[in-house]
Amino acid sequence: MESLYYVMAWACHRKCRHCYEDRFRPYRPDALADVLAEAVANFPRILANLPDRMTWLDRSGPVPVERGGRIILSGGEALLDQVRTRVTYPVIETLMRRYAGQDVRVVVQTTGDLLTPEIIAALVGRGVWMISVAGVDDFHVGMEGPDRQAAFRERLGGMFAQAGMVPAGPAVGRQDWHAQPGPLYSFFGATPDAWIGKLWPRGRAWQNGLSTATLEDNFCARWSGGKGFLQHREAGSEVSIEPDGAVYPCCLKTRLPIGNLLDERLTDILDSLAEDPVYQAIDAGEPQRMGVHLGWTESDFLAKSHTTTPQGRAYANLCVGCDRFHAEVLAPRIAEAAARRGAARQAAVAGARP
């Protein structure tokens, strides 16, 4: 695949009001122990079920070129002390061993306020290609206003430079992201001019009435949306993975996962859905067509995309229609696909017995 977005653990030291996932928060000691135990127990099984070759075909030139993919490691906060030592570092080390020689790029995404020269050196020393600082916006407490954000960038920029890192160029956000060697660093946040400018109708962002997206904002058709997720050997392919192994076709996450990496290989999950018109519509970035073959016309989907915010404001977005389609129609189809894959695995095991 070209890209994986792996949420390794739910723990975070912040509870931002714009977050798309309300499970990202500080946890009490006993709950934190459970969250960490889940992440520690599951990451070896999740990584074992990633593609054998984390590569994709670049067809932009006259001859297709196989290029190494990108794995974005996130949370929560991937650099919290216990998460960093028990999950993040071991995950990076495992990925480096598994994909040695494939030019796979590992990105660590962080709010940035826990970074120290020692942590930066530890990440770079383990082969991290880029540290992506995602907390530069007014929603993060202590980051309000351009002056504070500029000072934050300057302070971290000095630490990054000391570690031999350079700023990511504009190409890193486009298809030719692989052209810039690391180690790199980048900054972004939920700002009006950024790709996450119109907040998703998810989590605390939804509960707090912060999403201003409309029907014209098709998150499915954007990078980290569902577009191209089935084409796991091609440019643009990406899926999102949660700490429990659940797999989703987009970073926003559909209401239900498409499979689970604790028990199944990622490519098996994707290949099993390749001919399903529902997922072909997501793959095409046209979620409004998900249910056409099942009697849900595009007009039906758009009608289902209208709702009311918790604040009582009229709201419409395709993600709302997608959620309702999952709840009303798709759940049994997902279960059936999982059952077929399970039966195929059992048959393969039985066939391999002497």
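The values are calculated or read from the model by the stated rules, or taken from the named source; none is laboratory data. Keep in mind that what you see is a predicted model, and the values were worked out from it rather than measured. Cβ: placed from backbone, ideal geometry, glycine included. Neighbour counts: every protein chain shown. In case anyone asks, the SASA skips ligands and DNA or RNA and just uses the protein heavy atoms, side chains included. Shrake-Rupley method; radii C 1.70, N 1.55, O 1.52, S 1.80 Å.
Tabulated data for the structure shown
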| read-out | value |
| --- | --- |
| Hey, Ala78 at pLDDT 95 or above and assigned to a helix (DSSP H, G or I) or not | no |
| Single unsatisfied condition, Arg86 versus (1) modelled with pLDDT under 95; (2) closer than 20 Å to Asp244 by Cβ | (1) |
| Gly112, sole failed condition from (1) in contact with a helix residue (DSSP H, G or I) (Cβ under 9 Å, 6 or more places away or on another chain); (2) surrounded by fewer than 20 Cβ atoms within 10 Å (Cβ to Cβ); (3) assigned to a loop (DSSP other than H, G, I, E, B) | (2) |
| Test for Gly76: is it touching a residue at least 24 places away in the same chain (Cβ under 8 Å), open to solvent by less than 60 Å² (accessible area, probe 1.4 Å) and at positive phi | yes |
| Glu275 vs. criteria more than 23 Å from the chain's Cα centre (by Cα) and under 23 Å from Ala343 (Cα atoms) | yes |
| Pair list, Cβ < 6 Å and 6+ apart or interchain, from segment 297-314 residues that are more than 13 Å from Leu215 (Cα to Cα) and assigned to a loop (DSSP other than H, G, I, E, B) to residues that are of a type outside the set (A, V, I, L, M) and open to solvent by 70 Å² or more (accessible area, probe 1.4 Å) | Pro310/Gln207 |
| Filtered residues of segment 281-307 (kept if within 24 Å of the chain's Cα centre (by Cα), open to solvent by 20 Å² or more (accessible area, probe 1.4 Å) and of a type in the set (A, V, I, L, M, F, W, C)) | Ala284 |
| Residue, surrounded by the most Cβ atoms within 10 Å (Cβ to Cβ), within segment 197-252, restricted to residues that are at positive phi and in contact with a helix residue (DSSP H, G or I) (Cβ under 7 Å, 6 or more places away or on another chain) | Gly228 |
| Given (1) without any contact (Cβ under 8 Å) to a residue 60 or more places away in the chain; (2) hydrophobic (A, V, I, L, M, F, W, C); (3) within 30 Å of Thr116 (Cβ to Cβ), number of the condition Cys250 does not satisfy | (3) |
| Subset of segment 241-258 [at pLDDT 95 or above and more than 13 Å from Leu270 (Cβ to Cβ)] | Glu242, Pro243, Asp244, Gly245, Ala246 |
| Lone qualifier among Leu57, Leu4, Leu47 - being more than 17 Å from the chain's Cα centre (by Cα) and not aromatic (Phe, Trp, Tyr) | Leu57 |
| In segment 308-350, residue nearest to Glu216 (Cα to Cα) [restricted to those that are polar (S, T, N, Q) and open to solvent by 40 Å² or more (accessible area, probe 1.4 Å)] | Thr308 |
| Residue selected from segment 264-280 under the condition in a loop (DSSP other than H, G, I, E, B) and open to solvent by 40 Å² or more (accessible area, probe 1.4 Å), by the criterion nearest to Cys319 (Cα to Cα) | Glu275 |
| Any hit, segment 188-197, residues being in a helix (DSSP H, G or I) and touching a residue at least 12 places away in the same chain (Cβ under 8 Å) | no |
| Residues being among the polar types (S, T, N, Q) and open to solvent by 80 Å² or more (accessible area, probe 1.4 Å) - total across segment 79-93 | 1 |
| Residues located in segment 1-32, provided they are in contact (Cβ under 8 Å) with a residue 24 or more places away in the chain, more than 30 Å from Arg265 (Cα to Cα) and touching a strand residue (DSSP E or B) at 6+ places or on another chain (Cβ under 8 Å) | Arg14, Lys15 |
| Answer residue from segment 228-240, given it is farther than 18 Å from Met290 by Cβ, part of a loop (DSSP other than H, G, I, E, B) and not hydrophobic (A, V, I, L, M, F, W, C) and is modelled with the lowest pLDDT among those | Gly236 |
| Condition broken by Arg153, with the remaining ones in (1) assigned to a helix (DSSP H, G or I); (2) open to solvent by less than 30 Å² (accessible area, probe 1.4 Å); (3) farther than 17 Å from Glu77 by Cβ satisfied | (2) |
| Residue in segment 255-269 that is touching a strand residue (DSSP E or B) at 6+ places or on another chain (Cβ under 7 Å) and of a type in the set (D, E, K, R) present | no |
